[in-house]
Each structure stands twice: as C-alpha cells, then as structure tokens.
Amino acid sequence: MSTGELLNVDPVELKFPFELKKQISCSLQLSNKTENHVAFKVKTTNPKKYCVRPNTGVVLPRSTCDIIVTMQAQKEAPPDMQCRDKFLLQSVVASPGIAPKDITPEMFSKTPGRVVEECKLKVLYLPPPQPPSPVLEEPDEGVSPKVSFDSGNLNGSEVIARQNVDSDDKSSEARSLISKLTDEKNAAIQQNNKIRQEIVRRTPEAWRQQKSRGRGLDHHCHCYRVDWSTFGVPLEE
C-alpha cells in the first residue's frame, strides 16, 4: 500500500497470472482520507496493451474507488517473465461537486501553487495457477480391497489354492442343481398322487371298468411321469 497526502493506493504492484492468449485483470483500490474531493488520472507506458476502467474519476471525501486494469491477450511470453511496463497514478484536490466528465488534463499539470500527488505502480507477471493434484480415493471402512488373480504371477501353492476354490464353487453349484431337481421330482410325485385321488373320487365306475380290462390308473397318469434318470437323479418307487 502507498500512503499519500490525498489517497491511499492498494496495491502498488499490479500482479497478473500470465497465460498466453487470455485476457487477465487485476484490481486497484483508491481510498480518500481527506475531507476534499480528489480527482485522479491513471497513465501507463503501454496504453495499447492495457485497458484501465475508469482511467479518470473523482473519489469523494472519506470514500473509496475501485479500478480494474485488464491486460490484453498476449501471443508470446516475455523473456524470463519480466515486465517493464509501468503505471502512474496522479491525484489532485478538486472543487466540491466536480463530475468525472469535468476532469481535464490541465488539472494534473504541475504549476506553482498546485500540488499533484503521484504514485508509481509496477507490473509483475506470475506463473499461471497449477491444477490441483489428484487425490487417491481411500477404500471405505470395513471393505476389503479387491484382489485380482493372475495365474502367470502365482507360485505353485497359490495355483493349487485357486484350483481348490474353483472346485468348491463347482461342487456347490452341482449340489444346488441336485437339490432343485429333487424338489421338482417330489412336487411331481405329489401332483400325480392328487390326480390319482381325483380320478378315483370322480369316476369310480370308469376306474373299475378300466381295471377289468387290464388297464390300471397308470394309463391315465402316464403323461405325468417324469424320467428323472435324465437328470442323474434315481427314481423313488
């Protein structure tokens, strides 16, 4: 911060995070610590490179004014990231009620009896902000990390252990399939028994006639028999 008789200027170094082909801005604050109206004007050694808004104005008594300095997009970086550009802020006591449009260059001319306060500002180029480093995600508590097996990198005991695990998985699948088939077999037997009972209850006369002809109920229920031997499960008589 620069402390003058009329204005405090903060900061006194204009810092630009330099990036090629990109406009970059920084701010400047003027604080009027007097009871007078203070007119100001901003000059630069490279006016084509920078845009200052506002470049002239009035700071009211005991108030502040913000200035935005924008550097135009640059096609190439300067050697060693050093910048020789400079700014000059001039300020004078102005008449009460003066408007920015009433400010003229003659107001900042150094003549006898007129005090023109000046503050020189430097320009600094900063390296562009670096992207944040990636953060490794930690596994949730209570969850074991997944381990992948590669038989090409396993020793003999590890290969055998893996084969045992695969064998146990296949045995479990076989037991599950046999249990499922057994349940289906029992359900089919129960269904056959129900059908037999229903036929006997509804058609006793037809049943007796069929039996006298040498054809038992097995003829009626033959379509419900299931050949479980095809599934590797022995039939229960």
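Which of (1) among the basic types (Lys, Arg); (2) farther than 15 Å from LYS41 by Cα; (3) free of Cβ contacts under 8 Å to residues at least 12 places away in the same chain does LYS110 not meet, given it meets every other one?
The single condition LYS110 does not satisfy is (2).
Hey, among the residues in segment 59-118 that are polar (S, T, N, Q) and in a loop (DSSP other than H, G, I, E, B), which one's farthest from VAL38 (Cα to Cα)?
The extreme case among them is GLN82.
Among (1) loosely packed, with under 13 Cβ neighbours inside 10 Å; (2) in contact with an Asp or Glu (Cβ under 7 Å, 6 or more places away or on another chain), which single condition is ASN46 missing?
(1)
Name the single residue, out of those in segment 85-105 being among the charged types (D, E, K, R) and touching a strand residue (DSSP E or B) at 6+ places or on another chain (Cβ under 8 Å), that is surrounded by the most Cβ atoms within 10 Å (Cβ to Cβ).
The extreme case among them is ASP85.
Here is a list of conditions, (1) free of Cβ contacts under 8 Å to residues at least 40 places away in the same chain; (2) farther than 16 Å from GLU117 by Cα, and PHE18 meets all of them except one; can you say which number that is?
(1)
Bear in mind these aren't lab numbers, they're just calculated from the coordinates by the rules spelled out. The shown structure was predicted, so the numbers you read here are calculated from the model rather than taken from an experiment. Because the Cβ atoms are built from the backbone with ideal geometry, glycine has one as well, and the counts that use them run over all protein chains shown.
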